[in-house]
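Trainee: Mind having a look at this structure? Questions to follow.
The values are calculated or read from the model by the stated rules, or taken from the named source; none is laboratory data. No experiment lies behind these values; they were computed from the predicted model shown. Please note: Cβ atoms are built from the backbone with ideal geometry, for glycine as well, and neighbour counts cover all protein chains shown. Heads up: the accessible areas ignore ligands, DNA and RNA and are worked out on the full protein's heavy atoms, side chains in. Shrake-Rupley method; radii C 1.70, N 1.55, O 1.52, S 1.80 Å.
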Amino acid sequence: VMLFSFHYGHDSQIFPCALVHWFKLVSNEPNPGNGMWVVKPSFLDLELNTQELSIIHIDTIVRATHLLPIFSEGCVPQKATFHEFLDTYCRFYVNKFADHHSFEIAS
């Protein structure tokens, strides 16, 4: 999520907004091994690699989500940074164990 604001209209009203990258559930059930939901990025057009994005007012955000990449059998690249994880991995666990509120929402 990227947070920003913009001014609109003659009275320069400020609208605080967020750019949201949307994700889809992989299954209708949480992962049986750990109880966490598995998600993948949502695409408008897979062939054009067009991710589904929205600009929303920050008042509509209920809670931030902690995503854990689902690692493959290989090693994580040594120079990998958290900035690249959403582009590097294609599936993520929704970490319901991040805190009490996350557990209540994602359970």
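Trainee: Among the residues of region 86-107, which ones are over 19 Å from residue 51 (Cβ atoms) and either modelled with pLDDT under 85 or exposed (fewer than 13 other Cβ atoms within 10 Å of the Cβ) (or both)?
Mentor: 98, 99, 100, 101, 102, 103, 104, 105, 106, 107
Trainee: In this structure, does residue 71 turn out to be surrounded by 12 or more Cβ atoms within 10 Å (Cβ to Cβ), without any contact (Cβ under 8 Å) to a residue 24 or more places away in the chain, out of contact with any helix residue (DSSP H, G or I) (no Cβ under 6 Å at 6 or more places or on another chain) and under 23 Å from residue 24 (Cβ atoms)?
Mentor: no
Trainee: Is one or more of the residues making up region 1-8 part of a helix (DSSP H, G or I) and under 28 Å from residue 107 (Cα atoms)?
Mentor: Checked against the condition, which is being part of a helix (DSSP H, G or I) and under 28 Å from residue 107 (Cα atoms), region 1-8 yields no hits at all.
Trainee: Let me ask you something else. Which pairs have Cβ atoms under 6 Å, sit 6 or more apart or on different chains, and link a residue in region 9-36 that is open to solvent by less than 50 Å² (accessible area, probe 1.4 Å) to one that is modelled with pLDDT under 85?
Mentor: Short answer, once both residue conditions are applied: 16/5; 17/4; 18/1; 18/3; 19/2; 20/1.
Trainee: If you don't mind, there's one more thing I want to ask. Would you confirm whether or not region 56-63 contains a residue that is open to solvent by less than 70 Å² (accessible area, probe 1.4 Å), among the β-branched types (Val, Ile, Thr), over 23 Å from residue 99 (Cα atoms) and not in a loop (DSSP other than H, G, I, E, B)?
Mentor: The answer is yes; a qualifying residue exists.
Trainee: Here is a follow-up. Could you count how many residues in region 32-55 are assigned to a strand (DSSP E or B) and in contact with a strand residue (DSSP E or B) (Cβ under 7 Å, 6 or more places away or on another chain)?
Mentor: The number of residues fulfilling the criteria is 12.
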